[in-house]
Amino acid sequence: MALCWITGLVTGLAALHFLQKKFFPYFWVDLRYLLKVARYGLLLEAYKKTGHVVTVVDRFIQQAQRVPDKAFIIFHGDVHTYRDVDRRSNRVSHCFLKHTSLKKGDTVAMLMNNEPDFLNVWFGLAKLGCLVAFLNYNIRSRSLLHCFHSCGAKILIVGADLLDSLEEILPSLQEDNIAVWVMAKESSLPGVNTVLDKLDSVTDEPVPAHLRFVGSTNATTLYIFTSGTTGLPKAAVISQLQALRGAAGMWAFGGNPDDIIYVTLPLYHSAASLIGIGGCVYLGATCVLRKKFSASQFWIDCKKNNVTVFQYIGELCRYLCKQPVREGEKDHKVRMAVGNGVRSDVWKEFLARFGNIKMCELYGATEGNICFMNHTGKIGSVGRTGFFYKLAFPFELIKYDIQKDEPTKNKHGWCESVKKGETGLLLSKVNHSNPFFGYAGNKIHTTKKLMCDVFKKGDVYFNTGDLMMQDHNNFLYFRDRIGDTFRWKGENVATTEVSDIIGMLDFIQEANVYGVSVSGHEGKVGMASIILKPDQSLNLKRIFEHCTAYLPAYAFPRFLRLQENMEVTGTFKQQKFRLVEQGFDPSAISDPLYFLDDSKQSYLPMTKDIYDKITNGLLKL
């Protein structure tokens, strides 16, 4: 009798296991992930109830006490322990306490490359209770000044290797009585203060803990700049809630304290700072930091430093796949990669060539209030959702008319959700648990990112500007961006900003900038349709020189199209849809086309031969 009972139990369990594998293949991996999300969510709720937030910097101080001698940052061979960074950041705190009038709640802007002192300054200022703005070191002159002023910063701290960018804006800053500090022992620039010579004369003892005390997860901690969809870069408000969620990303994907995490992305980006550095701090792991990504040195660095996890963007993976094949490419300890934007074909090629690495694709915007994580490793998907996840982070995919560039509405004036398998615009509900913090000093742009009365009177959603598709197994896939932004070289390019810059030239009447797809490349390549002023001629050399002076390299239009008339919509907006579809093929377009030749430092007429070389991958963009 007992044997029959045991046999029946085993048979039943086997049947359940078979049914689970067949109909619910992701049950256990989903459950583990959801339990982690729920556990961390309860921790954040506890912070809200107690009115005492354990911030990323608090967590770092805890780790420095717990594992003081453990390597925190390895930078081009130099090792900085948790104790080293804690003490040096204390010195930064005392330096600015002694030599400035900075107080809790003030904003300080940083213009620095990837280096250990980026973290020492960031953490040192955070220990004073200051808000920190990360400036993009690629931007110059007018855009850089705009970024500085938009976040209300009182002080600018500049890396010693970025003095060229500083010189362009220094007179304007000094006119506004802005104090400028450079990470050097001495400076030849008049009126500029130096930091390094003062660090040795101050203590490395902790500053009073009450200075960094935070009572709300909604409190602002950082400003990170995003080009968004229109105009000049905007200072996205990063709350303690967003910083804490970002810091838990590596852990949620399966990171552990023994991991050695390789970060080559710029620290002014939320991916590297919030997920990369924040993730290392949360885990108590080690970060191998590199000043800039190098495809040829990537695997050498990974092997030399025993890297187990690295951060990526789609372009990074593609660059690695384009490198010449070498012996022993699977001979490394990397087990996991965390990032976003890798195409399915590159994803497959990457795994086939470099080994069984768990690719943890995620989706999220710097200023957004929603994030998706592909915790299963399914190729091509940016994340996975389900009933419980949608309860915690409610979102909708709505019908969107790409040609009219607006949501489709039914006869009652409400938006409609798409069916599974259909592409729709991703909206994320704004509520108490998932607030939208917007942009510093820019109420208009903050309001523009919100959609109200979407499905009923009074509802509010964050408009991501991204077209997504959810399949029948609840995997999500990124399809495209709407509006006036495209992505190139891992950066968002705001077309109106580029149009405004080109429009400064005295012979240009109007410029319409958009992104075009190029086979074999991530994102879209910049193209500008231009109209000349009457009786003016096209000066290609001046356009090149002007773009180099005012735009970061990733925002240069690689193609120009000379038109006689600019197409506009019924509401007088520039029409981009047809131009994007037509691309840059000289055999299909009667208008004169031009290509940016870096070697000639000018634009040259586009020929069929150049077009073929670009589309066949023989000409580098």
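Only one of SER517, SER499, SER529 is touching a residue at least 12 places away in the same chain (Cβ under 8 Å), open to solvent by 40 Å² or more (accessible area, probe 1.4 Å) and closer than 30 Å to TYR319 by Cβ. Can you tell me which? Let's see the steps before the verdict.
Details: SER499 fails: open to solvent by 40 Å² or more (accessible area, probe 1.4 Å); SER529 fails: open to solvent by 40 Å² or more (accessible area, probe 1.4 Å).
Answer to the selection: SER517.
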Residue pairs qualifying under the 8 Å Cβ cut-off, at least six apart or on distinct chains, with the first in the range 534-550 being of a type in the set (Gly, Ala, Ser) and the second being open to solvent by less than 60 Å² (accessible area, probe 1.4 Å), are SER537/PHE507; ALA549/SER141
TODO: Tell me, please, whether a residue that is on the phi < 0 side of the Ramachandran plot, open to solvent by 10 Å² or more (accessible area, probe 1.4 Å) and assigned to a strand (DSSP E or B) can be found in the range 541-556.
DONE: no
Filtering the range 256-308 down to residues that are of a type in the set (Gly, Ala, Ser) and open to solvent by 10 Å² or more (accessible area, probe 1.4 Å) yields SER270, ALA271, SER294, ALA295, SER296
If we keep only residues of the range 150-165 that are assigned to a loop (DSSP other than H, G, I, E, B) and either polar (S, T, N, Q) or open to solvent by less than 20 Å² (accessible area, probe 1.4 Å) (or both), then the residue farthest from PRO552 (Cα to Cα) is ALA153
Conditions (1) more than 21 Å from LEU199 (Cα to Cα); (2) within 25 Å of the chain's Cα centre (by Cα); (3) not β-branched (Val, Ile, Thr) -> GLN65 fails only (2)
Checked the range 108-145 for anything open to solvent by 10 Å² or more (accessible area, probe 1.4 Å) and assigned to a strand (DSSP E or B); matches are LEU131
Those residues of the range 502-526 which are farther than 17 Å from GLY490 by Cα and part of a strand (DSSP E or B) amount to ILE508, GLN509, GLU510, ALA511, ASN512, VAL513
Checked the range 350-409 for anything aliphatic (A, V, I, L, M), farther than 22 Å from MET451 by Cα and touching a residue at least 60 places away in the same chain (Cβ under 8 Å); matches are LEU362, MET373, VAL382
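If you go through the range 345-375, how many residues are open to solvent by 30 Å² or more (accessible area, probe 1.4 Å), out of contact with any Asp or Glu (no Cβ under 7 Å at 6 or more places or on another chain) and under 30 Å from PRO324 (Cα atoms)? Give the steps one after another, and end with the answer.
So the first thing to find is which residues in the range 345-375 are open to solvent by 30 Å² or more (accessible area, probe 1.4 Å), and the list is 345, 348-349, 351-353, 356, 358, 364-366, 371.
Imposing the further condition that a residue be out of contact with any Asp or Glu (no Cβ under 7 Å at 6 or more places or on another chain) reduces the set to 345, 348-349, 351-352, 356, 358, 364-366, 371.
With under 30 Å from PRO324 (Cα atoms) added as a condition, the list becomes 345, 348-349, 351-352, 356, 358.
Selection size over the range 345-375: 7.
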Residue count, the range 591-614, condition open to solvent by less than 60 Å² (accessible area, probe 1.4 Å), within 16 Å of VAL525 (Cα to Cα) and part of a loop (DSSP other than H, G, I, E, B), comes to 1
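Open to solvent by 10 Å² or more (accessible area, probe 1.4 Å) and free of Cβ contacts under 8 Å to residues at least 12 places away in the same chain, is that true of SER101?
On the way: open to solvent by 10 Å² or more (accessible area, probe 1.4 Å): yes; free of Cβ contacts under 8 Å to residues at least 12 places away in the same chain: yes.
Yes.
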Given the condition under 29 Å from CYS287 (Cβ atoms) and open to solvent by less than 30 Å² (accessible area, probe 1.4 Å), answer yes or no: does some residue in the range 166-177 qualify?
yes
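The values are calculated or read from the model by the stated rules, or taken from the named source; none is laboratory data. Quick caveat: nothing in here was measured; it's all calculated off a predicted structure. Glycine gets a Cβ as well: all are built from the backbone with ideal geometry, and neighbour counts include every protein chain shown. Side chains included, ligands, DNA and RNA excluded: accessible areas come from the protein's heavy atoms. Shrake-Rupley method; radii C 1.70, N 1.55, O 1.52, S 1.80 Å.
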